[in-house]
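Presented below is the structure to which this report refers.
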Amino acid sequence: MPDLFNDPPAPPPADTAPLAERLRPRVLGEVVGQEHLTGPEGAIGRMVAAGRLASIILWGPPGTGKTTIARLLAEAVGLRFVSISAVFSGVADLKKAFAEAEAHARRGQRTLLFVDEIHRFNRAQQDGFLPYVEAGTVTLVGATTENPSFELNAALLSRAQVLILHRLGPEALSTLLDRAEALIGRPLPLTPEARGALIAAADGDGRFLLNQAETLVSVDLPEPLDPTGLGEFLQRRVAVYDKDREGHYNLISALHKSLRGSDPQAALYYLARMLVAGEEPLYVLRRLTRFASEDIGLADPQALLQCLAAKDAYEFLGSPEGELAIVQACLYLATAPKSNAAYKAQKAAWRSAKETGSLMPPAHILNAPTKLMKDIGYGAGYAYDHDTKAGFSGADYWPDGMAPQRFYAPVDRGFERKIAERMAYWEGLKNARD
């Protein structure tokens, strides 16, 4: 059985190959940042040690080693390696791959089928893998940057183990730069501060980092670059953010919960993450406006007005000037007193409305525009609140046969404290009348 860390490496790529390709690990022990999987106690380490590889789904951000791990896994357990991409492959390519795998299986050679971007295959195409995986014709290794629970069907997931790859941290990225400098034979033309900035700009993507390093060494710089010079020389990496994918929902969830937790600093950070990555500002404003009603409500009625004013200001000014109004609304929401009493009241009232069907309101609060309606009691005995001394009649407004309900319970925070006092005052008047 090949050794996980000391198996003879494959021949190195040509000197003309890109730096990232020349530095691609040639044994699993060289993979950085994924030791939780490739280490002796990791899932991959245990599989290789046992010489038995199950079908797996590698889920992680770009540039974290998914393709490399798949290739090295095949070498480590002695499987034939076949790679296809869901972006460029169709049904015909899959049929050909399966037919070749069956032919090799008859000769005693099993196949590891690596499917890059596997989430791009539709549900029917994903189902096509099942009989070949179940029969052992192929060991499937799929790679995806998207949450498998959303993008892969349940039947395929039940036959594969999902392994999560981490975005590469500063230590792992620094190791990649060390290897690049060793291969090049000289240090990168960067000050220590610029080196740190380069690592931070990579945003966990090793491939991007090495491509940037290759750009740096491709020109003759008179002196090392500082962070400012580096920023001018290299184009900063655009953050990974798909507006209809998991990253979108993760960040809006983080923003919402930071606001709810009254942390204006974290809320502003996640707001910046979304807008810098290209999120539509009006989408963010819609979510902030929803938050103002759901998590603040009448504890601070100005919160909703701040959001609507921010929407008007943004539409009037546009980007980037109008984004400051969004920031103002975000900070207002984060620092406002919180209450979900209105949200809970809506849920309870909607549920009660569905349960009670079409109960008639009491006759005394119904209008009586015709003589017949007056004759049958519509409007009879209605108490006009403004005619009472307190401006409050305490009448019963609930349908006959339905007990009064308590949907809205204001909290003892912010403006709702005042509302609670009013409601208690009215309740006292009503009890005194009764």
By residue number, the members of the stretch 257-277 that are in a helix (DSSP H, G or I) and open to solvent by 40 Å² or more (accessible area, probe 1.4 Å) are 257, 260, 265, 268, 269, 270, 272, 273, 276
Within the stretch 182-195, restricting to residues that are free of Cβ contacts under 8 Å to residues at least 24 places away in the same chain and in a helix (DSSP H, G or I), the one that is farthest from the chain's Cα centre (by Cα) is 182
Counting only residues that are without any contact (Cβ under 8 Å) to a residue 60 or more places away in the chain, open to solvent by less than 50 Å² (accessible area, probe 1.4 Å) and out of contact with any Pro (no Cβ under 6 Å at 6 or more places or on another chain), the stretch 400-432 contains a total of 2
Filtering the stretch 307-334 down to residues that are touching a residue at least 24 places away in the same chain (Cβ under 8 Å), under 14 Å from residue 271 (Cβ atoms) and in a helix (DSSP H, G or I) yields 307, 310, 314, 323, 326, 327, 329, 330, 331, 332, 333, 334
Within the stretch 108-126, residues over 26 Å from the mean Cα position of the chain (by Cα) and not hydrophobic (A, V, I, L, M, F, W, C) come out as 108, 109, 110, 111
Checked 209, 230, 198 against criteria (touching a strand residue (DSSP E or B) at 6+ places or on another chain (Cβ under 7 Å), assigned to a helix (DSSP H, G or I), within 24 Å of residue 31 (Cα to Cα) and aliphatic (A, V, I, L, M)); the one match is 198
Of the residues in the stretch 166-180, those that are assigned to a loop (DSSP other than H, G, I, E, B) and surrounded by 21 or more Cβ atoms within 10 Å (Cβ to Cβ) number 1
Within the stretch 356-396, residues being surrounded by fewer than 10 Cβ atoms within 10 Å (Cβ to Cβ) and not in a loop (DSSP other than H, G, I, E, B) number 4
Scanning the stretch 364-383 residue by residue, those on the phi > 0 side of the Ramachandran plot and either aromatic (Phe, Trp, Tyr) or within 57 Å of the chain's Cα centre (by Cα) (or both) turn out to be 379
Residue 419 vs (1) in contact with a helix residue (DSSP H, G or I) (Cβ under 8 Å, 6 or more places away or on another chain); (2) part of a loop (DSSP other than H, G, I, E, B); (3) closer than 30 Å to residue 302 by Cα: all pass except (2)
Taking the stretch 108-137 and keeping only residues that are among the aliphatic types (A, V, I, L, M), under 18 Å from residue 66 (Cα atoms) and in contact with a helix residue (DSSP H, G or I) (Cβ under 7 Å, 6 or more places away or on another chain), one is left with 112, 113
- Message: Just checking, does the stretch 29-40 include any residue being surrounded by fewer than 16 Cβ atoms within 10 Å (Cβ to Cβ), at pLDDT below 85, out of contact with any strand residue (DSSP E or B) (no Cβ under 6 Å at 6 or more places or on another chain) and more than 22 Å from residue 180 (Cα to Cα)?
- Response: no
Subset of the stretch 42-76, residues assigned to a loop (DSSP other than H, G, I, E, B) and either surrounded by 19 or more Cβ atoms within 10 Å (Cβ to Cβ) or at pLDDT below 90 (or both), comes to 51, 52, 53, 54, 55, 60, 61, 62, 63, 64, 65
Subset of the stretch 20-42, residues over 16 Å from residue 77 (Cα atoms) and of a type in the set (Lys, Arg), comes to 22, 24
Right, residue 280: among the acidic types (Asp, Glu), open to solvent by 70 Å² or more (accessible area, probe 1.4 Å) and at pLDDT 85 or above or not? yes
Output for Cβ contacts, cut-off 9 Å, separation at least six or different chains, first residue buried (at least 16 other Cβ atoms within 10 Å of the Cβ) in the stretch 227-256, second modelled with pLDDT under 75 and not in a helix (DSSP H, G or I), reads 247/239; 247/240; 247/241; 248/241; 248/242; 251/241
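The values are calculated or read from the model by the stated rules, or taken from the named source; none is laboratory data. Keep in mind the model is a prediction, meaning the values are calculated, not measured. Ideal geometry is used to build each Cβ from the backbone, glycine not excepted, and the neighbour counts take in all protein chains shown. The area values use the complete protein model at the heavy-atom level, side chains included, leaving out ligands, DNA and RNA. Shrake-Rupley method; radii C 1.70, N 1.55, O 1.52, S 1.80 Å.
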